[in-house]
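The values are calculated or read from the model by the stated rules, or taken from the named source; none is laboratory data. Worth saying up front: this structure is predicted, and the values here are computed from it rather than measured. Ideal geometry is used to build each Cβ from the backbone, glycine not excepted, and the neighbour counts take in all protein chains shown. SASA here: full protein model, heavy atoms, side chains in, ligands and nucleic acids out. Shrake-Rupley method; radii C 1.70, N 1.55, O 1.52, S 1.80 Å.
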Amino acid sequence: MERAGILSMQRILNYGSFLQAYSLKMVLEELGWEVEFVDYHPGKCLVETSEKKGIQRRMQKALEALRYRASFRDKLRFIRYKKTYAEQYFSLLGIEKNHMNYAPRLDLLVIGSDEVFNCVQNNTNVGYSRELFGYGNRASKTVAYAASFGNTTLDKIEKYGIAETVRDDLSRLDCISVRDRNSQDIVRRLLGKEPPIYPDPVLLYDWGKYIPERKPMNEKYLLVYGYSGRFSAEECRCITAFAGKHGLKIVSLGGIQNLRNTFMNCSPLEVPAWFANAEYVITDTFHGTVLSVVTHRRFAAFVREHGYGNSEKLGSLLEMLGLEDRKVTASAELDEKIQDEIGYAEIDSLLAEWRGEAYGYLKNQTRQWSGQYAYNASN
């Protein structure tokens, strides 16, 4: 059996990173590969940052959590969630907390999905690492699947003087596909060829088998899914008012917010069930939106232009799925936008075609590069 490696964000401690990594692993195994995860060495952050590393970073995040308005019980739940995440859940991916797998010999290396190309950022767990662009790997073939530059733009790449190096590394990849229009634009402008856009692995994989009939809680609830503290005081006020108006309990996953809610510490494989049984979902993340679509929820997505912005990837996803009306840029829009019904039959039809193209791209990695799915970066 041929060996494939996935070079991704599998060690980042959040559900979205886990689920996209797990989904891609399952898809590649369905296609007949023996799959393992590949690690990278974090690079220097090009953006000046006050973020700490290792234990100091975890302590910093724990202290931040204690300042939120959530109950003390939920604060402790969140700290425990972060503290025990690796021990509890890395084994589900087949990786070990303290054993790194750098540059193994492989038949195929798949870079992606997630923000593997997000090279201009202040996350000390990533930084600018050329390994995430395939540099120094020992695979016979190296491809990118639904890779994203996140909120890194070509202007930022040029500002920090890495455009030539990024171009050279991308040109060495055998095939490139991306997951959003910003990433497509960067590759097109650097290489002169336009890579296809394919769905994030969570949209590609069939998650139906992981959604049990039994509900995770008996009460009706509004699910809030976002990074800790990202919802502003005004946004939290509107979220609380909406939940109160509809008699819903507020449940938070993934991050703790300035809300009187219940933070749930669950396995990543239980997350789709929490989405599937929510009355509504409010999110400001890419994968929160993806999971809302997968589970056919009524949702609203806060699209942010500033700070650690998400407009490049999240705005592109909403546009491609015809869901621009779920985009919230001001808190006052929330009540109106979240209640509208969504025509999921049309979206499912679009996704079925998109998935077919993506499976074709991945299947072609076992053959000579040819056909409509094979974008060759070097030619």
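Within the accessible surface of the chain, defined with a 1.4 Å probe on protein heavy atoms only, the carbon and sulfur portion equals 46 percent. Among the listed pairs Lys83/Lys215; Lys82/Lys337; Lys249/Lys337, those whose Cα-Cα separation exceeds 22 Å are Lys83/Lys215; Lys82/Lys337.
In the chain, the ratio of gyration radius to Kirkwood radius, Rg to Rh, stands at 0.95 when only Cα atoms are counted.
Which length gain, in nm to one decimal place, applies between Arg214 and Tyr344 when the Cα-Cα distance is subtracted from 0.36 nm times their residue separation? Mind showing how you got there, number by number?
Details: separation 130, 0.36 × 130 = 46.80 nm, distance 2.29 nm.
Full extension from Arg214 to Tyr344 adds 44.5 nm.
How far, in degrees from 0 to 90, does helix 181-191 lean away from the longest principal axis of the Cα atoms of the chain, to the nearest 10? The angle comes out at about 20 degrees.
Return the inverse of the average 1/r over all pairs of distinct C-alpha atoms in segment 134-275, which is the Kirkwood hydrodynamic radius, in Å to one decimal. List each step's numbers first, then the result.
Details: mean 1/r = 0.0536 Å⁻¹.
Averaging 1/r across every pair of different Cα atoms and inverting gives 18.7 Å.
When shorter helices are ignored and each DSSP H run of at least 4 residues is given -39500 (n - 2.57), the per-residue value for the chain at 222 nm works out to -11000 deg cm²/dmol.
Solvent-accessible area per residue in the chain equals 43 Å², computed with a 1.4 angstrom probe and all protein chains kept.
Highest mobility in the GNM of the chain, judged by mean-square fluctuation with C-alpha springs under 10 Å and restricted to Ala103, Ala300, Ala241, is found for Ala241. Using a cut-off of 11 Å between beta-carbons, work out the net charge of the residues near Lys97 (Lys and Arg +1, Asp and Glu -1, Lys97 not included). Local charge sum for Lys97: -1.
For segment 96-141, the alpha carbon convex hull comes to 94 Å³ per residue, rounded to a whole number. Largest mean-square fluctuation among Met217, Met26, Met320, in a Gaussian network model of the chain whose springs join Cα atoms under 10 Å apart, belongs to Met217. Using the Cβ of Gln10 as centre and a radius below 13 Å, the other residues enclosed give a net charge of -2, where K and R count +1 and D and E count -1. Remark on Tyr145: its backbone amide H falls under 5 Å from those of Ile111, Gly112, Ser177, a criterion applied only to residues 5 or more positions apart or on other chains, H modelled at 1.01 Å from N. Electrostatic bookkeeping for Pro201 treats Lys and Arg as +1 and Asp and Glu as -1; over the other residues with beta carbon under 10 Å from its beta carbon, the sum is 0. The long axis of helix 344-363 is offset from the longest Cα principal axis of the chain by roughly 30 degrees.
Over the chain, with a Gaussian network built from C-alpha contacts below 10 Å, which listed residue (Leu76, Leu24, Leu314) shows the highest mean-square fluctuation? Highest fluctuation among the options: Leu76. The long axis of helix 72-93 is offset from the longest Cα principal axis of the chain by roughly 30 degrees.
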